[in-house]
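Peer 1: Let me begin by handing over the structure; questions about it come next.
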Amino acid sequence: DTAETLIVRHRRGQFSGEVSMTTGRRAMARTRVTEPGEVIELNREQLLALVQTDAELSTILMRAFMLRRLELIARDLGDVVVLGSTHCAGTLRVKEFLTRNGHPFHNIEIAESLGFNEAIDQTRVSDLVIVGAGPAGLAAAVYGASEGLNVLVVEAGSPGGQAGSSSRIENYLGFPTGISGLDLTGRAYAQAQKFGAQIMIAKGATHLACDRRPYEVQIAEGSRVRARAVIIATGAEYRRPPLAKLSQFEGAGVYYTAMPMEAQLCAGEDVIVVGGGNSAGQAAVFLAETARRVHMLVRADGLADTMSRYLVRRIEDNPAIVLRTRAEIVALEGDGHLEQVRWREGRTGDVETRDIRHVFMMTGAVPNTGWLERCVLLDDKGFIKTGPELSKDDLTAAGWPLTRPPYLLETSRPGVFAVGDVRGGNIKRVASAVGEGSIAVALVHQVLQQ
């Protein structure tokens, strides 16, 4: 198909471009000159230099670029076509990948074919490599790059982490009406790129070579990146309950995020949300806007000990949400797609069976530390030990080579830090993760100066 679609006409004094100008990816549209005139052309490096030094132009350009990308998404004017059933797990994964990466499209081939990582030089030694692009990792990228560090972020999936999948965050400072996790982390993503941080998408870390410096992070497909300092921000993922057929229905009736895409799939139907934390509460309230009924299953006697009070009130006051305490799912059934759920009522022991096609699992947290392979010390739950949590015996066992003790947020390896949900003793709040990311960068500067 050679037909062209006109997106916009730029006149005298206006400027072209959108988010791809800051990322270094291929443009999704072409510009055609239709009348004589003069044009000032900026390449990516010149643009980044401009937005980093001129605050007024930075505000104008970055706001326009982000709004233009949102308009492209809203008008389906991307350069990718997704073909597949709305009930296909593979199709859902691809759509989530592109949506959370702000592209009108979890699969590495997709990322490479779209040129997501073309502008990244993997041969240089970075001042700082950040593994994970959740709120903590993105905050570290923003502060590190804005302060002159050469920063590379490695992200296995899509930027945002668990926060990026939240339908609405209402207790984050500065957003009294709330903001979706996707919007918040999308802004942080653009902000990091504005300051020159490079972000490698769909390239998960598989190993950290910590026996020599500069440190070496091995990523998917065997390639490696080197760094003088490392921040581990790989977060945690929701615990998968030991249910038969669970993996069979993941993406086909069982989900770990509740975003508009999933909400569309279950409009007018009964759904189940499993979990008693804030993420589960936000999901229940959000899904109740479109679902016929939301059954909220928690194993505890109530929500007061695990959920913010404002969310508890909304759940209690919403007639579309049914809270079932001391309840847990015991079986999932279906042919290709989830069709039926059985759960046990804890008080009576009775098992109830319902024809429900959508379950949202948001229970517990398992740290993403398997790739570290004992490079840094972990606590008994698998979270990374840092700073004061590391005893003298810990440091002796790890072979800590310095006379100084580890800095706050520093692991048992000098110059390797852990922030956010992957760190032992973390506070599960977006603001806390952002704070830790910024603090870690200040400590990275101290390490690099030694």
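The values are calculated or read from the model by the stated rules, or taken from the named source; none is laboratory data. None of these values were measured; they are calculated from a predicted model. Note: ideal-geometry Cβ built from the backbone for every residue, glycine included; neighbour counts use all protein chains shown. All accessible areas refer to the heavy atoms of the entire protein, side chains included, with ligands and DNA or RNA removed. Shrake-Rupley method; radii C 1.70, N 1.55, O 1.52, S 1.80 Å.
Peer 1: Hey, can you grab everything whose amide H is under 5 Å from the amide H of Ile199? Only 5+ residues off in sequence or another chain; H modelled, so Pro and N-termini drop out.
Peer 2: Val153
Peer 1: Run the quick spin-label model on Thr31 and Leu448: label points 7 Å from Cα toward the beta carbon, then report their separation in nm to one decimal.
Peer 2: 3.3 nm
Peer 1: Sticking with this one: With charges set only on the Cβ (+1 for Lys and Arg, -1 for Asp and Glu), what does the dipole of region 143-258 come to about its Cα centre, in debye to the nearest 20?
Peer 2: In debye, rounded to 20, region 143-258 gives about 200.
Peer 1: Starting from the 7 Å offset along Cα-to-Cβ, what nm value, one decimal, do you get for the label separation of Thr403 and Asp301?
Peer 2: Each label point lies 7 Å from its Cα, and together they span 5.6 nm.
Peer 1: Quick one: putting +1 on the C-beta of Lys and Arg, -1 on the C-beta of Asp and Glu, what dipole do you get for region 282-432 around its Cα centre, in Debye to the nearest 20?
Peer 2: Charge dipole, region 282-432, about its Cα centre: 380 debye, nearest 20.
Peer 1: Give, as a single signed number, the net charge of other residues whose beta carbon lies under 11 Å from the beta carbon of Ala227, with Lys and Arg counted +1 and Asp and Glu -1.
Peer 2: +3
Peer 1: Which ³J(HN,Hα) values, rounded to whole Hz and listed in residue order, are derived for region 326-331 from phi using the Karplus coefficients 6.51, -1.76 and 1.60 in 6.51 cos²θ - 1.76 cosθ + 1.60 with θ = phi - 60°, glycine and proline given as x?
Peer 2: Listing the rounded values in order: 6, 10, 8, 6, 10, 7 Hz.
Peer 1: How big is the charge dipole of the chain about its Cα centre, in debye rounded to the nearest 20, if each Lys and Arg gets +1 on its Cβ and each Asp and Glu gets -1 on its Cβ?
Peer 2: 480 debye
Peer 1: May I ask which residue of Gly424, Phe249, Thr369 lies farthest towards the positive end of the charge dipole of the chain, with charges of +1 (Lys, Arg) and -1 (Asp, Glu) on Cβ and the Cα centre as origin?
Peer 2: Gly424
Peer 1: Rounded to the nearest 10 Å², what accessible area does Met21 show when all protein chains are kept and the probe is 1.4 Å?
Peer 2: 60 Å²
Peer 1: I would also like to ask the following. Is the shape of region 255-344 best called rounded, prolate or oblate, per the rule: a/c under 1.5 gives rounded, else a/b larger than b/c gives prolate, else oblate, with a ≥ b ≥ c the square roots of the Cα gyration tensor eigenvalues?
Peer 2: Judged from the Cα gyration tensor, region 255-344 comes out oblate (a/c at least 1.5, b/c at or above a/b).
Peer 1: Could you tell me the distance between the Cα centroids of region 233-312 and region 357-400, to the nearest Å?
Peer 2: Going from one Cα centre to the other spans 25 Å.
Peer 1: Next question. Using the structure shown, list the pairs from Lys245/Lys381; Lys385/Lys428; Lys245/Lys428 with a Cα-Cα distance above 23 Å, or answer none.
Peer 2: Too far apart for the 23 Å limit: Lys245/Lys381; Lys245/Lys428.
Peer 1: How much net charge surrounds Cys266 when only other residues with a Cβ under 14 Å from its Cβ are counted (Lys, Arg +1; Asp, Glu -1)?
Peer 2: So the surrounding residues net to -2.
Peer 1: Oh, and also: Read phi for every residue in region 398-408 and hand back ³J(HN,Hα) as whole Hz from Karplus 6.51 cos²θ - 1.76 cosθ + 1.60, θ = phi - 60°, with x for Gly and Pro.
Peer 2: 7, x, 4, x, 9, 7, 6, x, x, 5, 4
Peer 1: Here is a follow-up. Place +1 on the Cβ of every Lys and Arg and -1 on the Cβ of every Asp and Glu in the chain, take the dipole about the Cα centre, and give the residue among Thr411, Ser308, Gly268 whose Cα lies farthest towards its positive end.
Peer 2: Thr411
Peer 1: At 7 Å along Cα-to-Cβ for each site, give me the label-to-label distance between Thr348 and Arg12 in nm.
Peer 2: About 7.8 nm, to one decimal.
Peer 1: Could you tell me which residue out of Phe116, Tyr238, Ile201 lies farthest along the dipole of region 100-249 toward its positive end? Charges go on the beta carbon: Lys and Arg +1, Asp and Glu -1, centred on the Cα centre.
Peer 2: Working it through, the farthest residue towards the positive pole turns out to be Tyr238.
Peer 1: Taking the alpha-carbon distance from Lys194 and a cut-off under 13 Å, which aspartates and glutamates remain once sequence neighbours fewer than 8 residues away in the same chain are dropped?
Peer 2: Partners found: Glu18, Glu45, Asp54, Glu147.
Peer 1: If you rank Lys95, Lys203 by how much accessible surface each has, with a 1.4 Å probe, what is the order from largest down?
Peer 2: Largest accessible area first, the list is Lys95, Lys203.
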